[in-house]
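To keep things clear, I will list the structure first and then write my remarks on it.
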Amino acid sequence: MVAHIAREMPELILVDEDYGQLENLDDDGQQMYPLTYPAVIIEPSRVDWSHLEGDSQKGEATLRVRLIIDCYDDTHSGSGTEFRIKEREELRYKLHSLLEGYRPLGDGGLMRTQSTFFTYKHGIKVYESLYTCTVTEQMKRGTSYSRTQIRLSVK
C-alpha cells in the first residue's frame with residue numbers, strides 16, 4: 001500500500017507506516033525519521049477475526065490513513081492565497097480516490113468508514129480516514145511445532 005500511494009501520488013514527500021511520528025514531533029529524545037510534508041502515514045490499527053473451516057480465519061481489518069500537510073499560508077478572505085485550501089482538498093480527495101476499493105492484500109477492497117480533519121501543532125493539518133477491508137489467513141498445512149514433554153516426579 002505504501003508503494004501504491006507513493007507511485008500514484010508523486011507530489012507526496014513521504015509515504016510510510018505510522019509509528020508515532022506525528023505525536024512525537026517535539027520529542028527530541030525519540031529516535032525516528034522526521035516527518036516531511038506533504039506526508040501520508042498508514043497504520044493497520046485492528047483486525048476482528050472469525051474462524052472459517054480448517055485452519056483459516058477471516059477478519060475485518062481497520063486501517064488509519066493520515067494525510068499530513070503543513071499549512072503556513074495565510075488563507076483568510078482577500079489574502080490572495082485562498083486557493084491553498086482548494087489544493088489541500090484536492091490532495092485529500094486524490095488520496096481517497098486512490099484508496100477506495102483498492103485491494104491491499106488481494107482480498108477485500110478498502111472502504112472508508114470515518115473521516116476526521118484537524119489542525120495539529122506547528123501549523124499542520126491532518127486529514128485522517130479510517131478504512132476497512134476483509135482479510136483472510138490460512139495456516140500452512142504441514143507446519144508443526146514441537147511439543148515439550150513435562151515430567152513430574154513426586155518423592
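The values are calculated or read from the model by the stated rules, or taken from the named source; none is laboratory data. In this text the structure is predicted, and so the values were computed from the model without any measurement. Please note: Cβ atoms are built from the backbone with ideal geometry, for glycine as well, and neighbour counts cover all protein chains shown.
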### Summary
Filter the stretch 20-31 for residues that are surrounded by 12 or more Cβ atoms within 10 Å (Cβ to Cβ) and touching a residue at least 12 places away in the same chain (Cβ under 8 Å); the one that is nearest to residue 85 (Cα to Cα) is 22
### Query
Would you call residue 68 part of a strand (DSSP E or B), more than 15 Å from residue 120 (Cα to Cα) and at pLDDT 95 or above?
no
### Query
Of the residues in the stretch 103-117, how many are in contact with a helix residue (DSSP H, G or I) (Cβ under 7 Å, 6 or more places away or on another chain) and either part of a strand (DSSP E or B) or more than 12 Å from residue 130 (Cβ to Cβ) (or both)?
1
## Note on the structure
Residue hits (the stretch 79-102; in a loop (DSSP other than H, G, I, E, B) and either at pLDDT below 95 or under 24 Å from residue 34 (Cα atoms) (or both)) are 79, 80, 81, 82
### Leading residue by the ranking (surrounded by the fewest Cβ atoms within 10 Å (Cβ to Cβ)) among those in the stretch 62-121 that are among the aromatic types (Phe, Trp, Tyr) and free of Cβ contacts under 8 Å to residues at least 40 places away in the same chain
118
### Query
Which pairs do you get when a residue that is polar (S, T, N, Q), found in the stretch 33-46, comes within reach of a residue that is at pLDDT 95 or above and outside any strand (DSSP E or B), reach meaning Cβ atoms under 8 angstrom, with the pair 6+ apart or on two chains?
36/13
